[in-house]
Amino acid sequence: MTKAPASVRATFVFMILNVLIWLTFGVITGLGAHPSIPEGAVFRWGMAVLALLTAGGLLGLAIFLRRRNRMAHLLTLGLLGAISVLTITDEFGLVDLAALVVSVVPIVLLIKDRAWYSQATPGTPESQ
């Protein structure tokens, strides 16, 4: 297998940062420590579960991206794009800006390195 370019490794780092952001948000929301989430249990737990599912989905996609999976490349672009749009449509503050940057940078890097993700890795059925 050819060595991954530095930008591919940077994409993985940003994906892990995204996972940590969503995991932290999910835990804080689930514990009821987020000041702007209403006290209603259904809404609070719904937000917490969605955040934790997002963290899990991003972690799974990051693992598949490391394996040069073309479908993971497309799904990651879609999920990060949706996260970015939803981040902008909410009340926008400094924390939202940081989360947006952590979501947009891997989008740019994924688009830049799309040829690397499209190549078949040695030993896979596509390469033979």
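The values are calculated or read from the model by the stated rules, or taken from the named source; none is laboratory data. Since we're looking at a predicted model, the values are computed, not measured. Every residue, glycine as well, gets a Cβ built from its backbone with ideal geometry; the counts of neighbours run over all protein chains shown. Protein only, heavy atoms only, side chains kept; ligands, DNA and RNA dropped before computing areas. Shrake-Rupley method; radii C 1.70, N 1.55, O 1.52, S 1.80 Å.
Below are the figures for this structure:
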read-out	value
Hey, Ala55 surrounded by 14 or more Cβ atoms within 10 Å (Cβ to Cβ), over 29 Å from Ser118 (Cα atoms) and in contact (Cβ under 8 Å) with a residue 12 or more places away in the chain or not	no
Number of the condition not met by Met47 [criteria: (1) open to solvent by less than 30 Å² (accessible area, probe 1.4 Å); (2) part of a helix (DSSP H, G or I)]	(1)
Residue list for region 1-42, filter: at pLDDT 85 or above, within 19 Å of Asp90 (Cβ to Cβ) and loosely packed, with under 13 Cβ neighbours inside 10 Å	Thr24
All positions within region 19-78 that are β-branched (Val, Ile, Thr) and closer than 20 Å to Arg9 by Cβ	Val19, Ile21, Ile63, Thr76
Answer residue from region 21-43, given it is in a helix (DSSP H, G or I) and among the β-branched types (Val, Ile, Thr) and is nearest to Leu58 (Cα to Cα) among those	Ile21
Every pair of residues 6+ apart whose Cβ atoms lie under 7 Å, when the first sits in region 7-26 and is of a type in the set (S, T, N, Q) while the second is open to solvent by 60 Å² or more (accessible area, probe 1.4 Å)	Ser7/Lys112
